[in-house]
Amino acid sequence: MPITVSPDLAFHLRTRSTSYVLKVFPSGLVAHVYWGTRLDDPDLTPLVRLVQRDRPTWEGGGLADDFVGALDAMPQEYPTRGTGDFRPPAIEVTWADGSSVCDLRYSSQRIVSGTVPLPGLPGVSSEERDGTETLELTLADPQGLEVVVRYGVHPDHDALTRSVTVVNRSGQPVGLDRVLSVSVDLYGGDFDELHLSGSWGRERHPVRTPLRMGGHTVESTRGLSSHQHNPFVALLRPGTSEDQGDVFGFNLVYSGNFLIQTEADQHGWTRACLGIHPTGFRWVLDSGQSFQAPQTVLVRSSQGLGGLSRTFHRLYRERLVRGPWKDRVRPILINNWEATYFDFDADRIEAIAQAAAPLGIELFVLDDGWFGRRDRDNSSLGDWVPDRRKLPGGLEDLVSRVNRTGLQFGLWFEPEMVSPDSDLYRAHPDWCLHVPGRHRTEIRNQLVLDLTRPEVRQAVVDQMCAVLDSAPIAYVKWDMNRPLTEVGSASLPPARQGEVSHRYVLGVYEMMETLTSRYPQVLFEGCSSGGARFDPGILHYMPQIWTSDDTDAVERLKIQWGTSLVYPPSTMGAHVAACPSHQTGRTTSLEFRGHVALAGAFGYELDATRFTEEERALVRAQVDLVKACRHLVLHGDFYRLQSPFEGNLVSWMIVAPDRSEALLTWIRVRAEANPGPYRARCAGLDLAAVYEVSGPGGTERICGEVLVHGGLRVPPLWGDFASVLWKLVRVRD
Ligand code: GLA
């Protein structure tokens, strides 16, 4: 039983290795008691005693009025504002009388098997019979506001989810100013905080800092989850490393504005809370209505960051990503963006496909510039009609020409945008996000469609369906290339303008749900100026996301490493691009670029007509290698071994879940004179088994324990950006 409840209302949520305990005190306040190693003793009383203070107490039927600090010292499950907890609250409201005190006490509980879908929002969900259970704890304020705090317990996947539904039964509208999805008070005031930050072309670099009193914030107010911060944070106990130690990870399943606050308090507890960003947010909740906050995934590992990541990866591969592509190896694609930018026509595209097909590449993706009159980035978004100047036979003709070469065909869209120079904008100037009387800020010469409006969503979906129905299109790249500004909607009244940014995200999700369920066989890849919206919300609809516009393989080492903290390799679009790199001017070998891209959803981003004969042979071999390994990328466990943030040597390993085969990648970024023989250490293998190891030195048989504790000898290397790849197959148990 993953959820048990004692007669005095102590709740014990258990996954394979973790226990999470909360307790309803007689006052009705709900305390956070414990989150850590799984406990099997059913008696929770000694544990609950750990969080009780000697004087005065909150458990004896109410807070003592003479000690203001009482509530402020209590570890809570869903803290409010205005009654004595001065740490960051989970919820802030404005009542009809203008006051904002909120006091949530236990009202009822319900335990259901499986997960409870969140209306209109993505999330991790269970499959029948996997043992998942959900606890719904209803808390109520005397003025008539109910908050259902929902815990999903996924025992096999070793993870919890939390979310919140707010229900207004007060008889009057209530302003919701802040509704976070989760708040947890962890015992200990000396955590390190780790989050993923960056910029365009430099996404998701891990940043680790000691957390002490004085809060820390990770956030996006850009309307999308952003290049700058990812909706993820981990709290690490002192001494936690890649391989060992206690770590608590939080990932918000949301693609819009988010806030993560972490802070050590005066009594040696640390509060972590996250959810939709309150800045710019105000939801008017009418009486009788409810508001659903997004889901947060909570993973705790005693095996360091590596253990944390593998738990997130498996959960996301199996319970977040959906549809036929969840378990299907991804086609090797070739995308024309860096090959042609906007400068192409049907003949040039066909020539690239013709050059790519004999190499074993499987899918051609036509990127930006095929519609309207889009010769550069200043027009035509919103007019999803093929440009007959470039494609005289239309898409149907181009797709059949590409298909005749043996490749499938994929297409780029940027559905959420409109160019001021477009027929759509000329016909509907009020269909973009804007505030009347104010300038409309253009970024990349474009405006954002007001996707809070059903008629706008419908118009875009109709256009996309017309294109997708016009030819056999096997893949869609869904791009989103600017943040939101002047966030206002012509269709909402003044009091509801604070709802626009969240309603925008809901609108995007609805469109994604409509299109991905209407075209289940189409492989959708998310994108946002590279990786500005690489989050679990998008992964619920699209099994892979373009990781970064930076395709330089050396830069990608860091980007993919950081992304892998939370997201599995199979979700990361990773392409071999031409050299010198368009982002950095660096030249690396084809082999090196291939080894780096192999740790993701593999593709090419170059002009295949320009390959030399020698390069064609190399690419043919590379494609064969990818085809032999991609099932491992799809299902395997990822081990980070040597970090690009810590030194010149980088390595990682992907191991089949049953440990029967593996792939080890080892990289030396910069040449070194007179190095000793390097060793490549393995991880995750069956220690007692013998593996056949194939690599640059040929094939040999080595025992798992030698590979893990001793390692492999790296052959002599020459020059910068050297890489070695070994394939390991278990030959004897
Ligand atoms: C974004 C994407 C790129 C490419 C361009 C096209 O920047 O990240 O991959 O599709 O748009 O305009």
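The values are calculated or read from the model by the stated rules, or taken from the named source; none is laboratory data. Just so it is clear, the model here is predicted, and its values are computed rather than measured. Every residue, glycine as well, gets a Cβ built from its backbone with ideal geometry; the counts of neighbours run over all protein chains shown.
Tabulated results
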{"item": "Subset tally (residues that are in contact with a Lys or Arg (Cβ under 6 Å, 6 or more places away or on another chain) and without any contact (Cβ under 8 Å) to a residue 40 or more places away in the chain) for region 678-709", "result": "2"}
{"item": "Where a residue in region 374-388 is in contact (Cβ under 8 Å) with a residue 12 or more places away in the chain and among the hydroxyl-bearing types (Ser, Thr, Tyr) and its partner, wherever it lies, is crowded, with 16+ Cβ neighbours inside 10 Å and not in a loop (DSSP other than H, G, I, E, B), with Cβ under 7 Å and at least six apart", "result": "SER380/PHE371"}
{"item": "Selection count, region 680-710, where residues are within 30 Å of THR587 (Cβ to Cβ) and surrounded by fewer than 20 Cβ atoms within 10 Å (Cβ to Cβ)", "result": "6"}
{"item": "Search result, residues across region 364-383 that are more than 13 Å from SER422 (Cα to Cα), within 12 Å of the ligand (Cβ to nearest atom) and part of a strand (DSSP E or B)", "result": "VAL365, LEU366"}
{"item": "VAL147 being under 15 Å from PHE291 (Cα atoms) and not in a loop (DSSP other than H, G, I, E, B)", "result": "yes"}
{"item": "Filtered residue count, region 632-659, keeping only those that are part of a loop (DSSP other than H, G, I, E, B) and crowded, with 17+ Cβ neighbours inside 10 Å", "result": "5"}
{"item": "Qualifying positions in region 462-481 - in contact with a strand residue (DSSP E or B) (Cβ under 8 Å, 6 or more places away or on another chain) and farther than 17 Å from GLY369 by Cα", "result": "ALA471, PRO472, ALA474"}
{"item": "Any hit, region 711-726, residues being among the aromatic types (Phe, Trp, Tyr), surrounded by 15 or more Cβ atoms within 10 Å (Cβ to Cβ) and at positive phi", "result": "yes"}
{"item": "Candidates ALA339, ALA346, ALA264, filtered to the one that is within 16 Å of the ligand (Cβ to nearest atom) and touching a Leu at 6+ places or on another chain (Cβ under 6 Å)", "result": "ALA339"}
{"item": "Test result for SER489, farther than 25 Å from SER419 by Cα, more than 16 Å from the ligand (Cβ to nearest atom) and polar (S, T, N, Q)", "result": "no"}
{"item": "Filter result for ARG426 (in contact with a Leu (Cβ under 7 Å, 6 or more places away or on another chain), modelled with pLDDT of 95 or more and either more than 16 Å from the ligand (Cβ to nearest atom) or assigned to a helix (DSSP H, G or I) (or both))", "result": "no"}
{"item": "Selection within region 525-551 - acidic (Asp, Glu) and in contact with a Pro (Cβ under 9 Å, 6 or more places away or on another chain)", "result": "GLU525, ASP535"}
{"item": "Only one of VAL448, VAL476 that is within 16 Å of the ligand (Cβ to nearest atom), more than 21 Å from GLN228 (Cβ to Cβ), within 25 Å of the chain's Cα centre (by Cα) and buried (at least 17 other Cβ atoms within 10 Å of the Cβ)", "result": "VAL476"}
{"item": "Given (1) within 16 Å of the ligand (Cβ to nearest atom); (2) in a loop (DSSP other than H, G, I, E, B), number of the condition ILE334 does not satisfy", "result": "(2)"}
{"item": "Tally of residues being part of a loop (DSSP other than H, G, I, E, B) and either acidic (Asp, Glu) or at pLDDT 95 or above (or both) across region 674-712", "result": "12"}
{"item": "Selected residue (criterion: surrounded by the most Cβ atoms within 10 Å (Cβ to Cβ)) from residues of region 497-554 that are of a type in the set (Asp, Glu) and more than 16 Å from the ligand (Cβ to nearest atom)", "result": "GLU499"}
{"item": "Count of residues meeting criterion [more than 24 Å from the chain's Cα centre (by Cα) and at positive phi] in region 314-370", "result": "3"}
{"item": "The lone exception for ARG389 - which of (1) under 30 Å from the mean Cα position of the chain (by Cα); (2) more than 16 Å from the ligand (Cβ to nearest atom); (3) over 26 Å from ARG518 (Cβ atoms); (4) of a type outside the set (A, V, I, L, M, F, W, C) it fails", "result": "(1)"}
{"item": "Residue check for ARG178: at pLDDT 95 or above, part of a strand (DSSP E or B), more than 28 Å from THR4 (Cα to Cα) and basic (Lys, Arg)", "result": "yes"}
{"item": "Residue check for SER470: of a type in the set (S, T, N, Q), more than 16 Å from the ligand (Cβ to nearest atom) and either modelled with pLDDT of 95 or more or over 21 Å from ASP383 (Cα atoms) (or both)", "result": "yes"}
{"item": "Set ILE352, ILE361: member being crowded, with 22+ Cβ neighbours inside 10 Å and either in a loop (DSSP other than H, G, I, E, B) or within 12 Å of the ligand (Cβ to nearest atom) (or both)", "result": "ILE361"}
{"item": "Filter result for ILE559 (of a type in the set (A, V, I, L, M), on the phi < 0 side of the Ramachandran plot, within 16 Å of the ligand (Cβ to nearest atom) and in contact with a Phe, Trp or Tyr (Cβ under 9 Å, 6 or more places away or on another chain))", "result": "no"}
{"item": "Positions within region 244-291 being out of contact with any strand residue (DSSP E or B) (no Cβ under 8 Å at 6 or more places or on another chain) and under 27 Å from TYR541 (Cα atoms), in sequence order", "result": "SER255, GLY280"}
{"item": "Which numbered condition MET417 fails, given (1) among the hydrophobic types (A, V, I, L, M, F, W, C); (2) under 28 Å from LEU618 (Cα atoms); (3) within 30 Å of the chain's Cα centre (by Cα); (4) within 16 Å of the ligand (Cβ to nearest atom)", "result": "(2)"}
{"item": "Close pairs from region 542-556: first under 13 Å from ALA599 (Cα atoms) and touching a residue at least 12 places away in the same chain (Cβ under 8 Å), partner in a loop (DSSP other than H, G, I, E, B) and hydroxyl-bearing (Ser, Thr, Tyr), Cβ under 6 Å, at least 6 apart", "result": "ALA553/THR588"}
{"item": "Qualifying residue in region 492-500 (condition: under 24 Å from the mean Cα position of the chain (by Cα), part of a helix (DSSP H, G or I) and not charged (D, E, K, R))", "result": "yes"}
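Residue-wise test of (1) among the basic types (Lys, Arg); (2) in contact (Cβ under 8 Å) with a residue 60 or more places away in the chain; (3) in contact with a helix residue (DSSP H, G or I) (Cβ under 9 Å, 6 or more places away or on another chain).
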| residue | (1), (2), (3) |
| --- | --- |
| ASN168 | no, yes, no |
| MET213 | no, no, no |
| ALA234 | no, yes, yes |
| THR240 | no, yes, yes |
